[in-house]
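Shown next, in structure tokens, is the structure this report addresses.
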Amino acid sequence: MVLGEEAKRSLRGLDPSGVERFIRNHMDELGALVLVGERMKPFMEKDLTKIYHADDLRGGIELARSLTKEKDIILSCVKCFR
């Protein structure tokens, strides 16, 4: 799964407490989690064996693809500001 936000500056980003809650409640259901965005970096420490970080959506998708096997599914939930 790719989860986070891609923004240089935002008034309405992804709620970090919601990300923390998601990790706590669902990490055991995921093969790996790629967090996107500067504010998501601290959550990597929750599970260094399954949680990764990327600076942006493109990097997050590329990293997720490198972690998958045949028939794996990548879910992407990255809030983008354009």
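The values are calculated or read from the model by the stated rules, or taken from the named source; none is laboratory data. What you are looking at is a predicted structure, and each value in this text was computed from that prediction instead of being measured. Reconstructed Cβ throughout: ideal geometry from the backbone, glycine too, with neighbour counts over all protein chains shown. Calculation scope for accessible area: heavy atoms of the full protein, side chains included, ligands and nucleic acids excluded. Shrake-Rupley method; radii C 1.70, N 1.55, O 1.52, S 1.80 Å.
Computed from label points 7 Å out along Cα-Cβ, the spacing between Ile73 and Met27 is 2.3 nm.
For the chain, state the semi-axes of the equivalent ellipsoid (square roots of 5 times the eigenvalues of the alpha-carbon gyration tensor), sorted largest first and rounded to whole angstrom. Working shown, then result.
On the way: eigenvalues 75, 46, 21 Å².
Listed largest to smallest, the semi-axes of the chain are 19, 15, 10 Å.
Per-residue 3J(HN,Hα) values for the range 13-29, derived from phi via the Karplus relation 6.51 cos²θ - 1.76 cosθ + 1.60 with θ = phi - 60°, read x, 6, 5, x, 5, x, 5, 4, 5, 4, 4, 4, 8, 10, 4, 5, 8 Hz in sequence order (x marks Gly and Pro). Here the Karplus curve 6.51 cos²θ - 1.76 cosθ + 1.60, taken at θ = phi - 60°, turns the phi angles of the range 34-44 into couplings of 9, 8, 10, x, 4, 6, 8, 3, x, 6, 4 Hz, with x standing for Gly and Pro. The alpha-carbon of Lys41 sits under 13 angstrom from the alpha-carbons of these aspartates and glutamates, leaving out residues fewer than 8 places away in its chain: Glu5, Glu6, Glu20, Asp55, Asp56.
Quantify, in whole percent, the carbon and sulfur part of the accessible surface of the chain (1.4 Å probe; protein heavy atoms only). Each step should come with its number before you reach the end.
Working: 2910 of 5860 Å².
Here carbon and sulfur together make up 50 percent of the probe-accessible area.
Counting only protein heavy atoms and a 1.4 Å probe, the chain has 71 square angstrom of accessible area per residue. Seen against the Cα atoms of the chain and their longest principal axis, helix 57-67 is set at about 10 degrees. For the peptides 14-20, 32-38, the ranking by mean Cβ contacts within 10 Å, running from highest to lowest, is 32-38, 14-20. In a reduced charge model with +1 at each Lys and Arg Cβ and -1 at each Asp and Glu Cβ, the chain shows a dipole moment near 260 debye about its Cα centre.
Expected output is a single nm value to one decimal: the length gained when fully extending between Ser66 and Asp15, i.e. 0.36 nm times separation in residues minus the C-alpha distance. What is it?
On the way: separation 51, 0.36 × 51 = 18.36 nm, distance 2.70 nm.
Residue separation times 0.36 nm, minus the Cα-Cα distance, leaves 15.7 nm.
Pairs of alpha-carbon atoms within less than 8 angstrom and 6+ residues apart define the contacts here; what relative contact order does the chain have, in percent? Walk me through the intermediate numbers first.
On the way: 117 pairs, mean separation 35.6, N = 82.
Normalised by residue count, the contact order of the chain is 43 percent.
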